Amino acid sequence: MHASTVRSLLVRGMLAGLIAGLFAFAVAYVVGEPPVNGSIAVEEAQAAQEAPAAHAAHSGHGGDAAAEPAEEEEEEGISRSAQSTFGLATGVLVYGVALGGIAALAFSFALGRVGRFSPRATAALTAAAAFTTVYLVPFLKYPATPPAVGNPDTIGKRTTLFFLMILLSVLLGVAAVIAGRRLAPRLGNWNATLAAGGGFIVVTAIAFAVLPDNTDAVAAGFPAALLWEFRVASLAVQAVMWAVFGIVFGALAQKALAARTAATDTKVQLGAPAAG
């Protein structure tokens with residue numbers, strides 16, 4: 001594929017990612033913010049219950065309550081309302097644009113190499129593969145948790161494990177595609193796809209069993225219903241983002257490639273020698 005075509009698709013992928021990010025932000029704000037606010041309320045309630053006990057223990061050691069040099073809580077630099085609107089929108093939109101550009105590059109590589117699919121169908125397959133490998137598979141092993149719920153001392157370990165799972169999932173997905181292409185001449189496209197998909201599932205299951213669990217990702221006593229709502233909302237945000245991206249980018253890519261093909265055909269016709 002010509003460099004100018006890849007550049008054109010990259011721009012369209014980023015634009016589609018921006019549009020997908022707008023839809024994802026709407027879902028995140030409507031569906032995702034209530035469980036986040038609920039988790040913050042749970043954390044504040046637990047902190048309020050623990051404060052009297054800590055104060056009594058300190059006073060029992062002979063400290064003067066009036067002169068107690070308790071640490072003052074740091075004031076938030078950004079209000080909660082700003083975090084849930086401007087901050088959330090900025091994060092989701094930047095995320096959408098970045099992943100849209102990466103997905104567009106993956107589309108440029110996959111077009112014509114994974115089967116005789118149209119640009120629109122290839123875009124849909126690329127979006128589905130990205131959603132599965134980048135989010136769904138890691139989510140099944142390390143599901144999302146609300147902020148300030150897990151043990152803060154292990155956040156580095158949990159983050160490392162999550163990104164390791166993303167990397168492993170993407171690599172296994174690429175390996176499955178390569179295996180499917182190599183098996184296709186012998187097994188046929190359908191059987192090769194089933195074999196590659198089955199291999200991906202088996203190896204992923206082994207990875208799930210080998211990698212450690214996040215045993216301290218959720219504090220004991222945290223409401224299970226609230227945790228479930230947050231995880232469903234997180235899954236919905238990603239599903240909407242990739243679905244919208246696949247639809248929008250597929251339309252943009254189809255139009256761009258059709259126009260480029262038409263322009264190429266016109267140049268060839270104009271440059272062809274006259275008949276007879």
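Note down all Cβ pairs under 6 Å where the first residue falls in segment 223-234 and is free of Cβ contacts under 8 Å to residues at least 40 places away in the same chain, the second is surrounded by 19 or more Cβ atoms within 10 Å (Cβ to Cβ) and assigned to a loop (DSSP other than H, G, I, E, B), and they're at least six residues apart or on different chains.
Qualifying pairs under 6 Å: none.
Name every residue in segment 107-123 that is touching a helix residue (DSSP H, G or I) at 6+ places or on another chain (Cβ under 8 Å), open to solvent by 50 Å² or more (accessible area, probe 1.4 Å) and part of a helix (DSSP H, G or I), in order of residue number.
The one that is touching a helix residue (DSSP H, G or I) at 6+ places or on another chain (Cβ under 8 Å), open to solvent by 50 Å² or more (accessible area, probe 1.4 Å) and part of a helix (DSSP H, G or I): Arg120.
Whether any residue in segment 73-86 is of a type in the set (Phe, Trp, Tyr), under 21 Å from Val232 (Cβ atoms), open to solvent by 50 Å² or more (accessible area, probe 1.4 Å) and modelled with pLDDT of 55 or more is what I want to check.
Initially, segment 73-86 is screened for residues of a type in the set (Phe, Trp, Tyr), giving 86.
Next, only the ones that are under 21 Å from Val232 (Cβ atoms) stay: none.
The answer is no; no qualifying residue exists.
Looking for something outside any helix (DSSP H, G or I), open to solvent by 30 Å² or more (accessible area, probe 1.4 Å) and in contact with a helix residue (DSSP H, G or I) (Cβ under 6 Å, 6 or more places away or on another chain) - is there at least one such residue anywhere in segment 198-209?
no
Filter segment 141-173 down to the residues that are exposed (fewer than 14 other Cβ atoms within 10 Å of the Cβ) and under 23 Å from Thr126 (Cα atoms), then identify the one that is modelled with the lowest pLDDT.
Phe163
The values are calculated or read from the model by the stated rules, or taken from the named source; none is laboratory data. Because the structure is predicted, anything quoted here is derived from the model rather than measured. All Cβ positions, even for glycine, are placed from backbone atoms using ideal geometry, and neighbour counts span all protein chains on display. Note: accessible area is taken over every heavy atom of the protein model, side chains too, but ligands, DNA and RNA are not part of it. Shrake-Rupley method; radii C 1.70, N 1.55, O 1.52, S 1.80 Å.
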